[in-house]
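Structure record follows, encoded as structure tokens.
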Amino acid sequence: MGREQSQDKRQKNIRYFDYSLLVIILFLICFGLVMLYSTSSYNAQLKFGDGTAYLRKQLQATVIGLVVMFAVSKIDYRIWKKFWLLAYIGAFGLCTLVLFVGKELNGAKRWLQVGPLSVQPSEIAKLAIIVFLATIISEMPKQMGKFSSLVKVMIMVMPMVIIVASENLSTAIIILGIAVALVFVSSPKYMQFVVMAGVVIVFGAAFIMLESYRAERLKIWLNPEKYEKGFQTLQGLYAIGSGGLFGKGLGASMQKLGFVPEAQNDMIFSIICEELGLFGAICVILLFGILIWRFMVIANNAQDLYGALLVTGVMAHIAIQVILNIAVVTNTIPNTGISLPLISYGGTSVLFLLAEIGLVLSVSRGIRLEQE
């Protein structure tokens, strides 16, 4: 009798680990590296005399990111509650520092040079805001139905949004989107988000008009063929259109041969469409859709509110970035310079994305399955 009770107890305490999520992440990483090499080899050969230059740099960052991901997944996610303020202040400080001593590349000052390495603080800010807001909201769940609490949370987020927006509007939009998503899922009253949406639209419009180049992007978006800076958008659309249903074949893109500038970065989805066609593009979108679904499953079954909010923050980050990237590439929205998660070139981006995935896997470890 005692043995049967002990077995029942063990069965009810079986820990869960989301291997489905892990497999999807590893597949996206491998697919991203293959597409990165295919997309960047021509530019890398011209720029560095080595067709594998971009691939090697991305591979190094990915390996480090995977190590970080598995390390973070082994740590109890609740420990990060202790560092919520340090994460926010540290990220804010780095984003401020980049305004004064940042390295300028392609007309944008977004990087800090640390020895031979370049770090993009805005990527750190995304992770920091997730930890920060998950901690704040989980400490006052019953107050989130009040409009005043919503305003207080958004006021705390705005300094980070403003400092990032001064040099990187696209990342500021993502950070604001993460904040809105976390507040939305934690509040039982949805009508107050109509007011928030109005405030965000007014703020966004004002911020765009403050800089002439941002207003110019709207004009380019509406009529890309009339502006010299619409060249990248048009070439990206040509790549998408020429791919057809099944594409030209892996490595057979013509637009990546200097027609789409920096094709390995924000416009990599257009090359995916050209080489793998509509079929390949839909498969990539479905993979991200399955990824978001796994996040939802983990968030719904998380051990506590804090874990659910961490997963929701990561889910919002990836979902917003994927939607905005594809929207930019297809010229559905103005060009904002947003990368495609786990696929576009960017060492800092993949490193901190994998750290976020590690948080999600850590939350999944806290789920206990009850077996009959």
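Structure notes:
- Across the chain, the longest run free of exposed loop sites, meaning trypsin sites (Lys or Arg not before Pro) lying outside DSSP classes H, G, I, E and B with no more than 15 other Cβ atoms within 10 Å, spans 190-372.
- Global size of region 305-372 as Cα Rg and Dmax, reported in angstrom: 15.3, 53
- Cross-link pairs exceeding 29 Å in C-alpha to C-alpha distance, out of Lys57/Lys109; Lys109/Lys146; Lys47/Lys109; Lys57/Lys103; Lys81/Lys146; Lys109/Lys219, comprise Lys109/Lys146.
- Put simply, region 55-156 fits an ellipsoid with semi-axes of 30, 20, 10 Å; these come from the alpha carbon gyration tensor as the roots of five times its eigenvalues, largest first.
- Only DSSP H runs of four or more residues enter the estimate; each adds -39500 (n - 2.57), and after division by the residues of the chain the mean residue ellipticity at 222 nm equals -23500 deg cm²/dmol.
- Label point distance in nm, Val23-Lys189, each placed 7 Å from Cα along Cα→Cβ: 4.5
- Once the gyration tensor of the Cα atoms in region 290-333 is diagonalised, the equivalent ellipsoid follows with semi-axes of 27, 9, 5 Å, ordered largest first.
- Taking the inverse of the mean 1/r over every pair of distinct Cα atoms in region 74-123 gives a Kirkwood hydrodynamic radius of 12.3 Å.
- Whole-Hz ³J(HN,Hα) from phi, Karplus 6.51 cos²θ - 1.76 cosθ + 1.60, for region 182-187, glycine and proline x: 5, 5, 4, 6, 9, 10
- Rounded to the nearest 10 degrees, the inclination of helix 84-101 to the longest alpha-carbon principal axis of the chain is 20 degrees.
- Summed over the residues of the chain and divided among them, the accessible surface reaches 48 Å² per residue at a probe radius of 1.4 Å.
- The residues packed around Ile25, meaning those with a beta-carbon under 11 Å from its beta-carbon, carry a net charge of -1 if Lys and Arg are +1 and Asp and Glu are -1.
- Estimated inter-spin distance, Val63 and Glu228, nm [label 7 Å along Cα→Cβ]: 4.3
- Once exposed loop chymotrypsin sites (Phe, Trp or Tyr not before Pro) are cut out (DSSP; at most 16 other Cβ, 10 Å), longest piece of the chain: 18-189
- Contact order, relative form, for the chain: 29 percent (alpha carbon pairs under 8 Å, 6 or more residues apart, mean separation divided by residue count).
- Positive contributions from Lys and Arg (+1) and negative ones from Asp and Glu (-1), summed over other residues with Cβ under 15 Å from the Cβ of Cys273, come out at -1.
- The chain: radius of gyration over Cα atoms, expressed as a fraction of 2.2 N^0.38 Å: 1.04
- Cut-off 12 Å between beta-carbons: net charge of the residues surrounding Met315, Lys and Arg +1, Asp and Glu -1: 0
- Split the accessible area of the chain by element, probe 1.4 Å, and carbon with sulfur accounts for 67%.
- Label-point gap, in nm, between Arg56 and Leu86 - each point 7 angstrom along Cα→Cβ: 3.6
- Against the chain, whose longest principal axis is taken from its Cα atoms, helix 305-329 shows a tilt of about 20°.
- For Trp111, distant residues with modelled amide H under 5 Å away: Lys103
The values are calculated or read from the model by the stated rules, or taken from the named source; none is laboratory data. From a predicted model like this one, the values you see are computed outputs, not experimental measurements. Cβ sites come from the backbone with ideal geometry, for glycine too, and all protein chains shown count toward neighbours. Ligands, DNA and RNA are stripped out before the accessible areas are found, and what is left, the full protein with its side chains, is counted by its heavy atoms. Shrake-Rupley method; radii C 1.70, N 1.55, O 1.52, S 1.80 Å.
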